Amino acid sequence: MSETTGTTGTTGTAGSTAGTTRTTDVTGALVGLVERVTGLPGLSPASRFQQLENWTSLAALRLLTDVEDAFGVQLDLRTYFAVADVAGLGGLVTAALADR
């Protein structure tokens, strides 16, 4: 039997499952945010920002604001701009949530 340690994570086998589920949930929500900001439907976690048709610096800043509002986290700007794809952003947001 594994033990739960608060809302930011768990230990044992259930911990890895909970962490994966949380990252998947966050990444899924981020796909929707990126689709809304860019106006491009059908994106995936593997979608790379620089390859998006409507990706501009303004879109990047709008997404940053939306992410921070939606998840209640504040991301480091340099780290945010270094992320290449939606899945990477999901990992960044998940880590920020765990640090709260």
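The values are calculated or read from the model by the stated rules, or taken from the named source; none is laboratory data. These figures come from a predicted structure and were not determined experimentally. Quick reminder, even Gly has a Cβ in these numbers, built from the backbone with ideal geometry, and neighbours come from all protein chains shown. Note: areas computed on protein heavy atoms with side chains; ligands, DNA, RNA excluded. Shrake-Rupley method; radii C 1.70, N 1.55, O 1.52, S 1.80 Å.
Using a 1.4 angstrom probe on the protein heavy atoms only, line up Arg48, Arg100, Arg78, Arg22 by accessible area, largest first.
Arg78, Arg100, Arg48, Arg22
For segment 16-95, report the accessible area per residue in Å² (1.4 Å probe, heavy atoms, rounded to an integer).
55
Summing +1 for each Lys or Arg and -1 for each Asp or Glu, what net charge is found among the other residues whose Cβ lies under 12 Å from the Cβ of Gly91?
0
May I ask for log10 I(q)/I(0) of segment 16-100 at q = 0.10, 0.12, 0.18, 0.26 Å⁻¹, from a Debye sum over the Cα atoms as equal point scatterers with solvent left out?
-0.21, -0.30, -0.69, -1.48
Where the only charges are on Cβ atoms (+1 Lys, Arg; -1 Asp, Glu), what is the dipole of segment 48-100 about its Cα centre, to the nearest 20 debye?
Charge dipole of segment 48-100: 100 debye, to the nearest 20.
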